[in-house]
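Any read-out appearing in this document is the output of simple, stated calculations on the displayed coordinates, not a laboratory observation. What you see is a predicted model, and the numbers here were worked out from it, not measured in a lab. No Cβ is skipped: glycine too gets one built from the backbone with ideal geometry, and neighbour counts run over all protein chains shown.
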Amino acid sequence: MIIEQQITQKIRDAFSPVHLEVHNESHMHNVAPGSESHFKVVIVSQAFAGKRLIQCHRMVNEVLAEELSHHIHALAIHTYTNEKWEATQSAPDSPSCMGGSKR
């Protein structure tokens, strides 16, 4: 849970989110039990106001650069402004893993 905690803290510090979800989805993939390699983040912050989706994702990637280069294999990023989140109230589910022995 160390990587999950690092992700959570770095996102809180960088974006002051009004809503944050960090899901370790490693169990959905062909990895060892207890792995912290696949994550999904849902971030609601006004820091994303007026930005294109690619810009928001780049902002998150920059904040988590260390984790992405050494620990995280996959990161699903869902960014919302307060207004957009009020309209949707949820992020899409992650797809099932098709890698490894599950093909």
With charges set only on the Cβ (+1 for Lys and Arg, -1 for Asp and Glu), what does the dipole of region 2-89 come to about its Cα centre, in debye to the nearest 20?
280
Length gained, Ala65-Ser37, 0.36 nm per residue minus C-alpha separation, equals 8.7 nm
Longest principal axis of the chain (C-alpha) makes with the long axis of helix 2-15 (C-alpha) an angle, in degrees to the nearest 10, of 10
To test your reading of the geometry: what angle, between 0 and 90 degrees and rounded to tens, separates the Cα axis of helix 53-63 from the longest principal axis of the chain?
70
Using the charge dipole of the chain (Lys, Arg: +1 at Cβ; Asp, Glu: -1 at Cβ; taken about the Cα centre), state which of Gly34, Leu53, Ile3 has its Cα farthest towards the positive end.
Leu53
With labels modelled as points extended 7 Å from the Cα through the Cβ direction, what inter-label distance (nm, one decimal) is found for Asn82 paired with Ser94?
2.9
Could you work out the helix-only [θ] at 222 nm for the chain, with each DSSP H run of four or more residues adding -39,500 (n - 2.57) and the total divided by the number of residues, to the nearest 500 deg cm²/dmol?
-10500 deg cm²/dmol
